[in-house]
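What follows is a short report on a single structure.
The values are calculated or read from the model by the stated rules, or taken from the named source; none is laboratory data. Bear in mind the structure is a predicted one, so any value in this text is a computation, not a measurement. So basically every Cβ, Gly included, is an ideal-geometry build from the backbone, and we count neighbours across all protein chains shown.
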Amino acid sequence: MFILWRLNSLLLFGGMILVSSVFAEEIENKPSFPAIHVNPLHLPATPKIQANPSAQSQTAQTLLEQLHALKARQANPKNVDEGVRQVYTAETQTPIAKQADNLSTLSQQVGEKFSIKWRANGTPLQIGGGILATPLLLQGVDNLGKTARYEATARQFLRENRQLLRIDDPDKEFILQRQQTDSLQRTQLRFEQFYKNLPIYPAEIAIHLDSQGNVDLMNGAYIPTPRKLLATTPQISRDVARTQALARHVGKVSEPELIIYAPEDKTPQLAWRISIISSARENWLVVINALTGEIIDDYNQNPSANVQGTGEDLFNQIVALNLWADRGQYYLIDTSKPMFTGTPNEEKGSIYIYDLNGRSPDKEEALILVSSRNANSGFIPEGVSLAYHLSNIYNYYQQRYQRNSYDGEGASILGVVRMGEEYADNAFWNGAGLFFGNADSYAGSLDIIAHEFQHAVTQHTANLVYKNQSGALNEAYSDIFGEMLESYVQGRTDWQMGTSLKSGVLRDLINPNRLNAPATMAQYINTTEDNGGVHLNMTIVAHAFYLLADGLNNAIGKTDAERIFFRALNTYLTKNAQFIDARLATIKAADDLFGSNSPQSQKVAEAFNAVQIYDGQSTPDAPTYAPIDAPDATLSICVSGGNFFLCRRDPSLNDGTLGVYLTRFDVAPRRASVTANGTLAAFVDSIHDFCLIPLNSTTAVEERCLGEAGLIHSVAMSPDGNRYAFVLQDENGSPTNTITIMDIAQNSVQEYTIQAPATEGVMTNTILFADALDFTADGENLVYDALNILKLSDGEQVASWSIYALDLASTQIISIVPPVAGLDIGNPSLSQTSDNNLTFTATEPNTGISSIYAANLNTGELRWIGNARGEYSVASYTGDDTGIVFDTYDENTPTQFSLVYQAVKEKIYPQGELALWLKDASYGTVYRRGVTSTPTPTPVPTPPANNSPSAPQTTDAGTQITSDIWMKAEIISVEKGAINALWRLGGDSLTARGDRVIWGYFYANPTDVSWGSPDNPDLYVKIWFDVSGRIDVNFFHVSVPNINVYSRRNNGSYLTGTSTTEQRYVRHTYNPNNTQQASVEATQNATVLSTAYNRPNNFPTMFMNTQIKTEEKGAIAGLLFNGGLGQSARGDQVAWGYYYANPDLVTWGNANNPEVFYKIWWDVSGRIDVNFFHVSVPDIVVNSRLETQTNFQNSDVTLSRRYSRHEYTPR
């Protein structure tokens, strides 16, 4: 990944001139095209449906693997010849073309088992799979000895495949160093690479011959013959280099050797190579640039210092250890991790274990490195345990989250054991190290150690303030990942913190109440002790994690849960985050990983609901971003030698007025895609391969490509560089009608068949293929143009381009600019400071005139920006969205196009005259290079305000629903007596005339009774805020036990009532004149219908429908909302939801305004109860039947008969 560079005080690029008459000919008049319509596009901030794209193809999976490798290679681009506006002709492409030809020839020669693996620099890592060359193919070597014949065979192979190897003269560049034949009669020849008689270090290849003298394998690591002439005369003398090396290390120094230093990740450089032996364990290699004197590399070559050992831990188990050996002593220093820098270092790269031996860490000179004279015994058990666990903890974060130590940058991990005195009964992270007391087995308890390590991770991610709710979050995350480390290492977790402590378990994440800790917000402890109760209230969020991972019905499992929580911490939480922030951040993280409204996202919301951390303020649609503080740079297509190349003009890199040629080889005439920070470009080259090239280099660098010629039609890259959208080509070179999305961060690939949306949710197969692609800022949506086949009223078919948006999570396709016969509408490009605006072109094929438009996607407002001469112009917003740049015909340039600029106000209103932007350029992409901003205004969630209806505050006094309405309910259970019911919000919305409706339900806490579940409503509630000012709080009894219900307004006294199976409806009314009343409706008039059925082996499916008898439209069908599906501990199943009136038919209809609730109970005995609860004013007919029945049972629910039950009894 590229580092985001902050640009300091860069001057904005100016110097635009008024456009000349060359461009003015077609620009002054607006087009007389048929009306273009833009559909408003509201990018969803509400949950979306989980993606269900078509199955990925093998081609797509292979492409994903190659894309990973390409991104990894791109971090170290290969330098090529420099040059300002340097012209690369077709001749320059010959080596690559010849490499492909050579590869094809060798592959055909070897046969179907031929295999080749590549290095990042475009050279083969390994070639094999069969006989690559035989002595029989050689002439004039029959009378040579075996040794000479084998070398001749190897050299002939190298010569014949020099284009494939990218070596100009193998005989001069590969010098044989060693030849040996093993016991299997196989012969290996090792060749060192040279450049102008200087060794290239560390470049070497090996040619392998079988017992018959056939070449059957080549492997190694080397570089292509340098295309740029390398200097071979040093400017730094041998003696000066020796002195510089000795200034870094004292010891016996070797004679400096002049080399070409070219490890795979570095540009070849003339250098001095020097070895210094400082001790038995230190053999330093120092490499010094022979032209500048810069130290290029410096590391200890001695590999023997890190050794394997064993030790006995606190629980008398023998465990493996990584040790550092020095002069016969073995230290608990682990240098086996990828972060190791070459020598033990307390700042970078190693894991150190120190011993306090009962002393206080406050005392100076107290720390002693744990060591032994024997690699397999003699270490203190506390040190063994801590070393072993920290090694596993490092592995966990590195493997699961690609995190290199706690800070992500390879910081050394310092662990301290046997801490004594006033610190003996404690464990902590102090910002620099992990300390474990000797009063208990802290250093041997994996979950305790991981808990403290997670504090270090939290410090270097969200850095949560260690006080009140943010501090409780800090502690919750440590408990959560303490348990996840236990699961990672041991294969299971007990959900108890401190299981291995002699003093007993500290916390129980399954049932926090067992150890007097809160499980819900109703039990939140307000205290000034313990930094505001950080070790007390932490269990609320930790319990939510348990529910998400393991405790809810259909819990998502630990693997998905830990990924979600870690992403929330690492990506979204901020220092002073509160519990509501954790909810929002965790849902967003689940959306990122699994798609909006995915099962995982829904379960996250359910888990937080279960602990009464309810929804708060949401992220606004399409946030705006402050533009990068840097000048506008431009990528464009330019021409040389009849071929297209990618060119760049970046004023901050001194590219000059016309810019520089960027790519070494020619490209397809398409717009490039650039990351949000302007460091990387993605594009398609002339042979339809996908390529990447960095944009922040002042020297020319060679693009990196997949090596899949003929596969790619078009590409877009998400702003963060993690997602790639491809339109692939078939075997005939034609684009397919699928879009392939590859996410390298999630290692996923999905393919979407693109169709044209019609009304009623129908999709039509009128799309041939997509072309230009553009991601939204969050990478969750893709805007693209597509070619439609339209059938006119007279039966004629015409082809026409139009613009669509694809929601990657839900797979929903939205038409943004519908097709218009006679127009090609395409080349969409989103604005850069938000996703609210779009610029595109509309071209009349018969005239070749393109008109550029800008649209507001929130409102659908459309504005004409200007005309362009020449077909299919491409437009792009400037970096701050104050202008739109597009190409227009310019016959006086080699490209025959130039880019012009139109200033715009509010992103869509043209201002002033056109100006020249960049001469001799087309397919422009404008970008800025620097640090991207956060959205403005930044949607930082805060604790919900008292008047927030969707984020109730729960206390012993009840649940605050709005600023002035409170409710609570007590379920009179057989098992526990009166228990407090938990509130779950369902919806909050307004009717067309302005009435407000809130609905939800109370349910029994599953920790209190076995039948309690967030998906088993016990008491429905609907609150109606009439426009007249009257408020009705309606309670509908759904359960068996009696329920005491309470509500109050402001600080008034509670209205009460009891709902029962005989009195299922309670209403509390608050009038505008401040009077209030409670009423209870008996249900002796309830309709109960019963029918017998033959019970199958499993629960049968239920069919239902309703008719709402409206005054306006008569009987209308109710629309179904499926609320949830749950299961009791004993196996009963429950489904709940409601029907609502169609808002297209009546003004009071709303998806968040229930008219009749239902609850279906499948009892383990076989009995099925279908319960209907009237919530509305009009009468409602309710119908139900089993899947095995043909006739519906039906009944009415009304204002006077609010409850009806349809019973199905097994025979």
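Kindly establish whether residue 698 is part of a loop (DSSP other than H, G, I, E, B), without any contact (Cβ under 8 Å) to a residue 60 or more places away in the chain, of a type in the set (S, T, N, Q) and more than 21 Å from residue 769 (Cα to Cα).
It is true that residue 698 is part of a loop (DSSP other than H, G, I, E, B), without any contact (Cβ under 8 Å) to a residue 60 or more places away in the chain, of a type in the set (S, T, N, Q) and more than 21 Å from residue 769 (Cα to Cα).
Suppose the filter is without any contact (Cβ under 8 Å) to a residue 40 or more places away in the chain, of a type outside the set (Asp, Glu), out of contact with any Pro (no Cβ under 8 Å at 6 or more places or on another chain) and assigned to a loop (DSSP other than H, G, I, E, B); does residue 233 pass it?
So residue 233 passes the test.
Report yes if residue 460 is crowded, with 22+ Cβ neighbours inside 10 Å, at negative phi and free of Cβ contacts under 8 Å to residues at least 60 places away in the same chain, otherwise no.
No: the conditions fail for residue 460.
If you scan the range 420-453, which residues turn out to be of a type in the set (A, V, I, L, M) and part of a loop (DSSP other than H, G, I, E, B)?
424, 432, 439
Residue under question is residue 230, and the condition is that it be in contact with a His (Cβ under 6 Å, 6 or more places away or on another chain), hydrophobic (A, V, I, L, M, F, W, C) and at pLDDT below 90; does it hold?
no
Which of the residues that make up the range 310-368 are part of a loop (DSSP other than H, G, I, E, B), buried (at least 22 other Cβ atoms within 10 Å of the Cβ) and over 33 Å from the mean Cα position of the chain (by Cα)?
Hits for the range 310-368 are 313, 332, 344, 356.
If I filter the range 752-789 down to residues being at pLDDT below 55 and on the phi < 0 side of the Ramachandran plot, which single residue comes out as surrounded by the fewest Cβ atoms within 10 Å (Cβ to Cβ)?
Residue satisfying both the conditions and the ranking: 759.
Could you list, in sequence order, all residues of the range 918-929 that are at pLDDT below 95 and surrounded by fewer than 24 Cβ atoms within 10 Å (Cβ to Cβ)?
919, 920
Among the residues of the range 898-913, what is the count of those that are surrounded by fewer than 24 Cβ atoms within 10 Å (Cβ to Cβ) and over 20 Å from residue 855 (Cβ atoms)?
Matching residues across the range 898-913 total 2.
Within the range 874-900, restricting attention to residues that are in contact with a Phe, Trp or Tyr (Cβ under 9 Å, 6 or more places away or on another chain) and acidic (Asp, Glu), which residue is farthest from residue 842 (Cα to Cα)?
Filtering the range 874-900 for residues that are in contact with a Phe, Trp or Tyr (Cβ under 9 Å, 6 or more places away or on another chain) and acidic (Asp, Glu), the one farthest from residue 842 (Cα to Cα) comes out as 890.
Going by the structure shown, is residue 1168 within 40 Å of the chain's Cα centre (by Cα), at pLDDT 85 or above and farther than 12 Å from residue 1197 by Cβ?
So residue 1168 fails the test.
Can you work out which of the residues in the range 280-300 that are closer than 14 Å to residue 254 by Cα, of a type outside the set (Val, Ile, Thr) and in contact with a Lys or Arg (Cβ under 8 Å, 6 or more places away or on another chain) is modelled with the lowest pLDDT?
This residue is 284.
Can you say whether residue 153 is among the β-branched types (Val, Ile, Thr), over 19 Å from residue 204 (Cα atoms) and at pLDDT 85 or above, as far as the supplied structure shows?
Spelling it out, it is not the case that residue 153 is among the β-branched types (Val, Ile, Thr), over 19 Å from residue 204 (Cα atoms) and at pLDDT 85 or above.
Taking the condition buried (at least 17 other Cβ atoms within 10 Å of the Cβ), assigned to a strand (DSSP E or B) and at pLDDT 90 or above, does residue 384 pass?
Here the answer is no, as residue 384 does not meet what is asked.
Which pairs turn up if I take residues in the range 545-567 that are at positive phi and look for partners that are surrounded by fewer than 24 Cβ atoms within 10 Å (Cβ to Cβ) and acidic (Asp, Glu) with beta carbon separation below 9 Å, at least 6 apart in sequence or on another chain?
Final answer for the pair search is 557/550.
Go through the residues of the range 962-980 one by one and say whether even a single one is within 38 Å of the chain's Cα centre (by Cα) and modelled with pLDDT of 80 or more.
no
Are there any pairs with C-beta distances below 8 angstrom linking a residue in the range 400-415 that is hydroxyl-bearing (Ser, Thr, Tyr) and surrounded by fewer than 19 Cβ atoms within 10 Å (Cβ to Cβ) to a residue that is modelled with pLDDT under 90 and outside any strand (DSSP E or B), with the two at least 6 apart or on different chains, and if so which?
Pairs found: 401/570.
Test residue 721 against the criterion of being modelled with pLDDT of 85 or more, assigned to a loop (DSSP other than H, G, I, E, B) and crowded, with 20+ Cβ neighbours inside 10 Å, and give yes or no.
Yes, satisfied.
Could you check, for the range 814-823, whether at least one of its residues is modelled with pLDDT of 80 or more, in a strand (DSSP E or B) and surrounded by 21 or more Cβ atoms within 10 Å (Cβ to Cβ)?
yes
Give the range 561-592 a look and list any residue that's outside any helix (DSSP H, G or I) and surrounded by fewer than 23 Cβ atoms within 10 Å (Cβ to Cβ), or say none.
574, 575, 576, 578
Taking the condition of being of a type in the set (Val, Ile, Thr) and either surrounded by 14 or more Cβ atoms within 10 Å (Cβ to Cβ) or touching a residue at least 60 places away in the same chain (Cβ under 8 Å) (or both), how many residues in the range 165-186 meet it?
The qualifying residues number 2.
Of the residues that make up the range 1203-1211, is at least one out of contact with any helix residue (DSSP H, G or I) (no Cβ under 7 Å at 6 or more places or on another chain), under 22 Å from residue 1016 (Cα atoms), part of a strand (DSSP E or B) and small (Gly, Ala, Ser)?
Yes, because at least one residue in the range 1203-1211 is out of contact with any helix residue (DSSP H, G or I) (no Cβ under 7 Å at 6 or more places or on another chain), under 22 Å from residue 1016 (Cα atoms), part of a strand (DSSP E or B) and small (Gly, Ala, Ser).
Which number in (1) crowded, with 24+ Cβ neighbours inside 10 Å; (2) not in a loop (DSSP other than H, G, I, E, B) marks the one condition that residue 532 misses?
For residue 532, the failing item is (1).
With respect to residue 1028, is the statement that it is small (Gly, Ala, Ser), part of a loop (DSSP other than H, G, I, E, B) and more than 39 Å from the chain's Cα centre (by Cα) true?
yes
Could you check residue 710 against (1) over 27 Å from the mean Cα position of the chain (by Cα); (2) in contact (Cβ under 8 Å) with a residue 40 or more places away in the chain; (3) on the phi > 0 side of the Ramachandran plot and say which number it fails?
(2)
If you take the residues of the range 1013-1024 that are of a type outside the set (A, V, I, L, M) and more than 14 Å from residue 606 (Cβ to Cβ), which of them is surrounded by the fewest Cβ atoms within 10 Å (Cβ to Cβ)?
This residue is 1024.
Return yes when residue 838 is over 23 Å from residue 864 (Cβ atoms), at pLDDT 90 or above and out of contact with any Gly (no Cβ under 9 Å at 6 or more places or on another chain) and no when it is not.
Judged against the criteria, residue 838 is not a match.
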